[in-house]
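Trainee: Sharing a structure with you now.
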Amino acid sequence: MPVKTATPPATDVVGLALEVLAAQGMSRPAAQTALKAMAQERGLTVARCAALVVAAVDGRMG
């Protein structure tokens, strides 16, 4: 059974999500704007939306 690790602090998750978006060719300001927009569209906090982006890239869902 996989071991569940502790969730990283929100600032780390947001930073990781911004790195993921930057790797897709976005500038940092554009990545920040996109992350905020995605969060607003889904009714989530920016940190929660960032965690979902990181989880999707990492292969984890939920």
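The values are calculated or read from the model by the stated rules, or taken from the named source; none is laboratory data. It should be emphasised that the depicted structure is a prediction, and the values quoted were computed from it without experimental measurement. Using ideal geometry, Cβ is built from the backbone for each residue, glycine included, and neighbour counts are taken over all protein chains shown.
Trainee: Only one of these conditions is not met by Val3: (1) surrounded by fewer than 18 Cβ atoms within 10 Å (Cβ to Cβ); (2) modelled with pLDDT of 90 or more. Which number is it?
Mentor: Against the list (1) surrounded by fewer than 18 Cβ atoms within 10 Å (Cβ to Cβ); (2) modelled with pLDDT of 90 or more, Val3 comes up short only on (2).
Trainee: Right, Ala17: surrounded by fewer than 13 Cβ atoms within 10 Å (Cβ to Cβ) and outside any loop (DSSP other than H, G, I, E, B) or not?
Mentor: Judged against the criteria, Ala17 is not a match.
Trainee: Please go through region 23-40 and give me each residue that is buried (at least 16 other Cβ atoms within 10 Å of the Cβ) and of a type in the set (A, V, I, L, M, F, W, C), ordered by number.
Mentor: Met26, Ala31, Ala34, Leu35, Met38, Ala39
Trainee: Is one or more of the residues making up region 12-21 among the hydrophobic types (A, V, I, L, M, F, W, C) and modelled with pLDDT under 90?
Mentor: no
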